[in-house]
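The structure appears right after this line, and notes come after that.
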Amino acid sequence: MWQPRQKLVDWQALLAARQQAREDGNVVVWTSGCFDLLHPGHVASLQQARQLGDLLVVGLNSDRSVRALKGPNRPILGERERAALLAGMECVDFVIAFDEGHAPRRHWSGCSPIF
């Protein structure tokens with residue numbers, strides 16, 4: 001099992017982990033969101049996503065992205081705090097932050113996840 005700090009990755013580390021997962025015959029599942037004020041619905045959704053495969057990658061909207069999507073008074077919790085909460089969940093294997101303007105889809109194809 002990954003330790004929470006090891007779960008916070010960049011795209012290069014994520015692609016390397018995906019390659020290892022592919023070699024091991026594992027299925028990678030991707031989900032994403034703002035997760036600003038994590039609530040039971042988020043937890044249930046993440047647990048269900050994890051059941052679809054062997055590794056769950058959570059894309060986390062950056063602070064800048066959350067402000068653009070939800071307004072100037074958001075996020076309530078900063079990117080680091082939101083990432084730490086997600087990384088602390090047993091069902092989450094990797095967390096990667098992204099800016100909405102830098103659509104992660106270009107990276108998803110390299111990971112070959114289930115959407």
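Laboratory data are not the source of any read-out in this text; all were calculated from the coordinates shown. Please read all numbers here as calculations on a predicted model, not as lab measurements. Ideal geometry is used to build each Cβ from the backbone, glycine not excepted, and the neighbour counts take in all protein chains shown.
Remarks
- Over the range 4-111 - Rg/Rh using Cα atoms and the Kirkwood inverse-distance radius: 0.96
- Counted residue by residue at 0.36 nm each, then reduced by the alpha carbon distance between them, the extension gain from residue 23 to residue 100 reaches 24.7 nm.
- A Cα-only calculation for the range 40-100 places Rg and Dmax at 12.1, 37 Å.
- Order of 65, 45, 32 - criterion: other Cβ atoms within 10 Å of each residue's Cβ, fewest first: 45, 32, 65
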